[in-house]
Amino acid sequence: MSQDRSLLASSSIGVGQHYVTIGIANETIAIAVAQVEEVLDVLPFIRIPNMPPVVRGMIDVRKRAIPVFDLRLKFGLSETGVTPQTRIVVLDLIHGDSVRRVGILADRVFEVTALDQASVEPPPDIGMAWQSRSVIGLGRRNGALVIVLDVNSLFDADDLPAALLQHGGQ
């Protein structure tokens with residue numbers, strides 16, 4: 001990953017920053033383009049024994065093993081089957097000085113779109129304990145709410161397979 005992408009990925013929402021919008025169940029989610037490496041059709045998964053349920057398996061992308069996380073399970077939703085619209089979004093996660101490449105399973109990928117500071121509201125304060133550290137804010141796309149995610153904080157060391165942590169994801 002270039003230094004420019006690293007800086008962009010770690011910054012907060014900027015005016016005109018671009019996002020890849022994906023669908024998970026009935027929700028639309030925005031992820032900073034700076035962290036998206038590529039979007040793939042679903043590839044065969046290799047399931048490693050004792051891997052957490054949120055990890056659907058490993059895929060081979062150009063001779064590199066990449067873990068694929070099911071965002072539906074990460075968000076507490078039920079697992080669903082793969083459809084013709086299902087895609088794997090390959091991301092570069094930034095944790096300290098290391099970059100880890102992972103895939104996320106998305107029900108569908110919509111588009112790349114710009115969101116600016118004026119159109120993004122901070123996460124709601126709902127007056128109770130709620131884990132929202134990975135939600136940067138709420139924006140709008142075609143009149144509907146969009147959840148803007150910080151994918152770096154969405155995944156922690158407990159989610160990442162030990163082999164990925166040992167090799168820094170590279």
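Quick grid of which residues meet (1) of a type in the set (Ser, Thr, Tyr); (2) at pLDDT below 90; (3) over 12 Å from the mean Cα position of the chain (by Cα); (4) farther than 21 Å from ASP150 by Cβ:
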residue	(1), (2), (3), (4)
ASN26	no, no, yes, yes
ILE46	no, no, yes, yes
ILE59	no, no, yes, yes
LEU105	no, no, no, no
VAL112	no, no, yes, no
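Anything in the stretch 1-24 that is at pLDDT 50 or above and open to solvent by 90 Å² or more (accessible area, probe 1.4 Å)? List them, or say none.
Residue satisfying the conditions is HIS18 alone.
Starting from the stretch 41-61, take each residue that is over 16 Å from GLY81 (Cα atoms) and list its partners that are charged (D, E, K, R) and surrounded by 13 or more Cβ atoms within 10 Å (Cβ to Cβ), counting only C-beta distances under 7 angstrom and pairs at least six apart or across chains.
These pairs meet every condition: PRO52/ASP159.
A quick yes/no check of all residues on (1) assigned to a loop (DSSP other than H, G, I, E, B); (2) surrounded by 11 or more Cβ atoms within 10 Å (Cβ to Cβ):
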| residue | (1), (2) |
| --- | --- |
| ILE31 | no, yes |
| ALA34 | no, yes |
| LEU43 | yes, yes |
| PRO53 | yes, no |
| VAL112 | no, yes |
| ARG133 | yes, yes |
| GLY137 | no, yes |
| ARG140 | no, yes |
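Report the residue count in the stretch 80-94 for those that are over 22 Å from SER153 (Cα atoms) and either open to solvent by 70 Å² or more (accessible area, probe 1.4 Å) or out of contact with any strand residue (DSSP E or B) (no Cβ under 7 Å at 6 or more places or on another chain) (or both).
6
The values are calculated or read from the model by the stated rules, or taken from the named source; none is laboratory data. Everything numeric here is computed off the predicted structure, so don't read it as measured data. Because the Cβ atoms are built from the backbone with ideal geometry, glycine has one as well, and the counts that use them run over all protein chains shown. For the accessible areas, the whole protein counts, side chains as well, though only heavy atoms, and no ligand, DNA or RNA atoms are used. Shrake-Rupley method; radii C 1.70, N 1.55, O 1.52, S 1.80 Å.
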